[in-house]
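A.B. asks: My structure is below; once you've seen it, I'll send some questions.
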Amino acid sequence: MAAPLFLRVALALPFFKSGLTKWDGFLSLSPAASFLFEDEFKLHILGKVYDLPIPDVLAFASGSAEIIFPTLLILGLATRLSALGLLGMTAVIQLIVPDGWANFHLPWAAMAIALIAIGPGRLSLDHGIRGFLERRQASV
């Protein structure tokens, strides 16, 4: 019963902490985040290194996703969709930091896949909403 909750929290925390570092206020991207996406982060694909396309847009999207998806995961709201979003982010991060697969990316991917497969669990808003809608439909 509590396992999905622990999975949601464990997956959410590193992304949320990373997301907090990207902002200097509400919808104000930090200069450090812009610098990382423009100058430091590179795509590693088939042995070659490429600059990120549209780095400012990617920094904003990444910073937003790292706040929104973890928050939804903690609440257990749109859990499977949020886990899928973080799985996609993990895949992109793997292309940027290829040496991080064993310590970070593999466990993140495993947690996301588990949540996609088993769902949010009983201690979630998803479960509560589904129960409410089923009771409502049964009474009609």
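A.B. asks: Report whether or not Phe6 is at pLDDT 95 or above and open to solvent by less than 50 Å² (accessible area, probe 1.4 Å).
C.D. replies: Answer is no for this residue.
A.B. asks: How many residues does the stretch 57-85 contain that are more than 17 Å from Leu115 (Cβ to Cβ) and polar (S, T, N, Q)?
C.D. replies: Narrowing the stretch 57-85 to residues more than 17 Å from Leu115 (Cβ to Cβ): 57-64, 67.
Retained after the next criterion (residues that are polar (S, T, N, Q)): 62, 64.
Final tally of qualifying residues: 2.
A.B. asks: In the stretch 77-91, which residues are surrounded by 14 or more Cβ atoms within 10 Å (Cβ to Cβ) and within 24 Å of Ser30 (Cβ to Cβ)?
C.D. replies: Correct list: Ser82, Gly85, Leu86, Met89, Thr90.
A.B. asks: Can you tell me which of Ala112, Ala117, Ala83 is assigned to a helix (DSSP H, G or I) and more than 27 Å from Thr21 (Cα to Cα)?
C.D. replies: Numbers: Ala112 fails: more than 27 Å from Thr21 (Cα to Cα); Ala83 fails: more than 27 Å from Thr21 (Cα to Cα).
From the options Ala112, Ala117, Ala83, the qualifying one is Ala117.
A.B. asks: Hey, any hits in the stretch 56-75 for a residue that's of a type outside the set (D, E, K, R), free of Cβ contacts under 8 Å to residues at least 24 places away in the same chain and over 16 Å from Lys17 (Cα atoms)?
C.D. replies: For the stretch 56-75, residues of a type outside the set (D, E, K, R), free of Cβ contacts under 8 Å to residues at least 24 places away in the same chain and over 16 Å from Lys17 (Cα atoms): present.
A.B. asks: Go through the stretch 20-76 and give me each residue that's in a loop (DSSP other than H, G, I, E, B), among the polar types (S, T, N, Q) and open to solvent by less than 80 Å² (accessible area, probe 1.4 Å). Break it down into steps so the answer makes sense when it comes.
C.D. replies: Narrowing the stretch 20-76 to residues in a loop (DSSP other than H, G, I, E, B): 21-22, 24-28, 30, 41, 46-47, 52-54, 76.
Going one step further and asking which of them are among the polar types (S, T, N, Q), we end up with 21, 28, 30.
Across the stretch 20-76, the qualifying residues are Ser28, Ser30.
A.B. asks: Here's a follow-up. Within the stretch 97-140, work out how many residues are open to solvent by 60 Å² or more (accessible area, probe 1.4 Å), under 18 Å from Gly85 (Cβ atoms) and among the aromatic types (Phe, Trp, Tyr).
C.D. replies: Result for the stretch 97-140: 1.
The values are calculated or read from the model by the stated rules, or taken from the named source; none is laboratory data. Quick caveat: nothing in here was measured; it's all calculated off a predicted structure. Cβ: placed from backbone, ideal geometry, glycine included. Neighbour counts: every protein chain shown. When the accessible area is computed, the model is the full protein with side chains, heavy atoms only, and any ligands, DNA or RNA have been set aside. Shrake-Rupley method; radii C 1.70, N 1.55, O 1.52, S 1.80 Å.
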